1. Residue check: is residue 165 within 21 Å of residue 27 (Cα to Cα), touching a residue at least 60 places away in the same chain (Cβ under 8 Å) and surrounded by 14 or more Cβ atoms within 10 Å (Cβ to Cβ)?
2. Which pairs have Cβ atoms under 9 Å, sit 6 or more apart or on different chains, and link a residue in the stretch 96-107 that is over 10 Å from residue 128 (Cβ atoms) to one that is β-branched (Val, Ile, Thr) and not in a loop (DSSP other than H, G, I, E, B)?
3. Go through the residues of the stretch 89-107 one by one and say whether even a single one is outside any helix (DSSP H, G or I) and on the phi > 0 side of the Ramachandran plot.
4. One residue is enough: does the stretch 121-141 have a residue meeting the conditions on the phi > 0 side of the Ramachandran plot and either more than 16 Å from the chain's Cα centre (by Cα) or touching a residue at least 40 places away in the same chain (Cβ under 8 Å) (or both)?
5. Given the conditions (1) over 25 Å from residue 157 (Cβ atoms); (2) among the hydroxyl-bearing types (Ser, Thr, Tyr); (3) touching a helix residue (DSSP H, G or I) at 6+ places or on another chain (Cβ under 9 Å), and given that residue 22 satisfies all but one, which numbered condition is not satisfied?
6. Which of the residues spanning the stretch 108-127 are aliphatic (A, V, I, L, M) and either within 18 Å of residue 19 (Cα to Cα) or not in a helix (DSSP H, G or I) (or both)?
7. For the stretch 51-68, check the following and say yes or no: at least one residue is aromatic (Phe, Trp, Tyr) and over 25 Å from residue 120 (Cα atoms).
8. If residue 113 satisfies every condition in (1) modelled with pLDDT under 95; (2) under 16 Å from the mean Cα position of the chain (by Cα) but one, which is the exception?
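The values are calculated or read from the model by the stated rules, or taken from the named source; none is laboratory data. Since we're looking at a predicted model, the values are computed, not measured. As a convention, Cβ positions derive from the backbone with ideal geometry for all residues, glycine included, and neighbour counts pool all protein chains shown. Just so you know, the surface numbers come from the protein's heavy atoms only, side chains and all, with ligands and any DNA or RNA stripped out. Shrake-Rupley method; radii C 1.70, N 1.55, O 1.52, S 1.80 Å.
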Amino acid sequence: MPPIVSAATVVLVLGSFPGARSLAQGRYYAHPQNHFWKILQALWPSSPLPPSTAYPERSDWLLARGLGVWDVYGTCAREGSLDASIRDAVLNDFAALDLPRLAAVAHNGAESFRHSAKVVAALHQGGHAPLPAYKLPSTSPAHAVISFEHKCAAWHEVFARHGLVA
């Protein structure tokens, strides 16, 4: 799936690869049990997610707050949606991204974070300054051992560090 980014992207959140439901619907974090959209709503209570669930409006809502979304893998083989099932993965072309305000990369989970050094190196090769990379707790419903509150706190810390929340 293509990245959701703009020239105003400050933090780029990277998942591993879209789950089966996201691929079928053509939108990131489409599984209703995924905490991604719920965490962002909790972090930006004064700017609630538009009442319509239309994906273009959700994408615009992210971009207006300096957030970009993509995945570390551009292609892979996988049955189901679990990261443990990923095989033959090929990284996305991060060097091709032109994000003049990009200040950090935040990885949504451990599988994505495994490639943090490669992602940061590719972005640097593409002309970006060296960037910090953060490992955030996964928003996946398969990663339920960490509470919603703990996930929100971890995401808030990274977003606050880069001016996306107060």
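1. No.
2. Listed pairs, sorted by first residue: 104/11; 104/158; 106/11; 106/13; 106/158; 107/13; 107/119.
3. No, the stretch 89-107 contains no residue that is outside any helix (DSSP H, G or I) and on the phi > 0 side of the Ramachandran plot.
4. The answer is yes; a qualifying residue exists.
5. Result: residue 22 passes all but (3).
6. Selection gives 110 alone.
7. Yes, the conditions are met somewhere in the stretch 51-68.
8. (1)
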